[in-house]
Amino acid sequence: MMRPEPSFPIKICGLSTPETLEAALAAGADMIGLVFHPRSPRFVMPDQASRLAGQARGKAEIVALTVDLEPARAIELAQLVRPDWLQLHGSETPEAVRAIKAATGLPALKALGIAGAADLDRIAAYADSADMILLDAKPPKDAAYPGGHGRPFDWTLLAGLDPAFRFMLSGGLDPANVAEAIRIARPSGVDVSSGVESAPGVKDVDRIAEFVRAARRAAKALSDDILKKAGQA
């Protein structure tokens, strides 16, 4: 059986070896991400991903990261890897999100790149299609693949979001800054990839453990603060 849904999920993305996936599980990660975009240094072949997913099944939620995948291909991937989530990290429209969900029967985590306040306006368009929003840094203009590329965005941009809006935060997070990111952005969960690597695509088991510990402490502090303020209201 899967453990109960965590109140503050911590996701380690871009895992590609049994050893680093085991390190993520041992550290207490709630979600593990497998990347299916060939241009990414974290790309895994479907058969390799299937073995990794089997290693994680029942211990953490499995997230398959795709970029502008056609529904038919999404069905093939879902049948082979059997993920719990599809992370849509491309330019998928709300209609495309709905089509992929309908085809696979899986919930969708839709990533949106943030560079300025105007980028937050896109969130509302996905309210009725995505099951969760992941706010990531916008990639550089010349980037070969989507994602934050290890660069954070200005977390204070999120201060005006509805406190009830649940989202995951990504982009440039690492063991040293994740506590500050959680304190400022007040997300519902965090997602890290390059911030726990020793080289592009090479996960570091010690940094994975450090990140999960730091995020867990910060999440508890955030929860305590919310409860304290609620008691004073």
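Converting phi to 3J(HN,Hα) with the Karplus coefficients 6.51, -1.76 and 1.60 and the offset θ = phi - 60°, the stretch 46-56 yields x, 5, 5, 4, 4, 5, 5, 4, x, 5, 8 Hz in sequence order, with x at every glycine or proline. Of interest is the spacing of the C-alpha centroids, which for the stretch 89-143 and the stretch 176-208 amounts to 20 Å.
Along the stretch 192-202 the Karplus relation, 6.51 cos²θ - 1.76 cosθ + 1.60 evaluated at θ = phi - 60°, assigns HN-Hα couplings of 10, 9, 5, x, 10, 10, 9, 7, x, x, 10 Hz to successive residues, with x for each Gly and Pro.
Computed over the stretch 3-57, relative contact order equals 36 percent, with contacts defined as Cα pairs under 8 Å that lie 6+ residues apart.
Using only Cα coordinates, the Kirkwood hydrodynamic radius of the stretch 61-206 works out to 15.8 Å.
Taking all protein chains into account, the per residue accessible area for the chain stands at 47 Å² (1.4 Å probe). Amide H to amide H, with H built 1.01 Å from N, D68 comes under 5 Å of H89, G90, S91, E92, counting only residues 5 or more places away or on other chains.
For the stretch 98-233, the tally of Lys pairs with Cα-Cα distances below 21 Å comes to 5, considering only residues 8 or more apart or on different chains. Here, P(r) means the percent of Cα pairs in each 10 Å bin from 0 to the largest distance; for the stretch 1-117 it is 14, 47, 33, 6, 0.
Considering only beta bridges that DSSP places wholly inside the chain, some 5 percent are antiparallel. Per-residue ellipticity at 222 nm computed for the chain from its helices equals -11000 deg cm²/dmol, with DSSP H segments shorter than 4 residues left out and the rest contributing -39,500 (n - 2.57).
The values are calculated or read from the model by the stated rules, or taken from the named source; none is laboratory data. Here the structure is a predicted model, which is why all the values come from computation and not from measurement. We work out accessible area using only protein heavy atoms, side chains counted, and drop any ligands, DNA or RNA first. Shrake-Rupley method; radii C 1.70, N 1.55, O 1.52, S 1.80 Å.
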